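Trainee: Supplied in structure tokens, the structure appears directly below.
Each reported figure results from applying straightforward, stated rules to the coordinates on display, with no laboratory input. The structure presented is a predicted model; accordingly, all values stated were derived computationally and were not measured. In this analysis, Cβ positions are derived from the backbone assuming ideal geometry, glycine residues included, and neighbour counts consider all displayed protein chains.
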């Protein structure tokens, strides 16, 4: 016996027709919009295409420049390793000049920021403490979230101390405390700050920072040194 065709319920048929009419109406409206705004649509598409091309070009250019800078930075650092191991002070000064030129002529990327860190350390070794401080702080400004940033500031503070600028050194230690007071070198930050406060005749702050080292980092080697310093100050 032949099966009878299934008859859709009237409500279901109307729902399908309504949905189809909505889609058809949307497509018709879109077609009409394109027809009326043909110039706008064409220019918008061209604008999007140009933007995509510019983005791709920018990525390619940045990658090319970074690669070029990496090779240049690597050569400079290889020269430094060679000349410093040979004890050639004049050639090391030449490397410092090359690094200055490198940081002045580059503007972004890891090699650019690393150049400041390397130059600061080289200048510190040459006892050019003011210049060393400047480049180490620049590195910390440009790469504040890297693990080297607090180390750069710590060395910058020591550089100012070596230059007998105790006030400037304490300002750097204050910055270190505010931004990196919970870093892995916090014990050294507080200990050095206490030591510089003592050199600056501020014994109250010196004791406070020594005690902070002892209380916060009891297992640190700096805690033992802090106890000895406090004992010599007659604070224990």
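Trainee: Rounded if a/c is under 1.5, else prolate if a/b is larger than b/c, else oblate: which is the range 90-236, with a ≥ b ≥ c the root eigenvalues of its Cα gyration tensor?
Mentor: Because a/c hits 1.5 or more and a/b exceeds b/c, the range 90-236 counts as prolate.
Trainee: Further question on the same structure: Under the rule a/c < 1.5 gives rounded, and otherwise a/b versus b/c splits prolate from oblate, where does the range 127-193 land using the Cα gyration tensor? If you can, show how the numbers build up before the last one.
Mentor: Numbers: a/c = 2.03, a/b = 1.22, b/c = 1.66.
Oblate shape, in that a/c is at least 1.5 and b/c is the bigger or equal ratio.
Trainee: Can you tell me how the range 158-236 classifies by the Cα gyration tensor, rounded, prolate or oblate, using a/c under 1.5 as the rounded cut? Write down the numbers at each step before the final one.
Mentor: On the way: a/c = 1.97, a/b = 1.15, b/c = 1.70.
In terms of gyration-tensor shape, oblate.
Trainee: Highest first, please rank the peptides 186-197, 116-127, 218-229 by the mean number of other Cβ atoms sitting within 10 Å of their residues. Spell out each step's value before the answer.
Mentor: Working: 186-197: 23.2, 116-127: 20.1, 218-229: 15.7.
Packing order, densest peptide first, comes out as 186-197, 116-127, 218-229.
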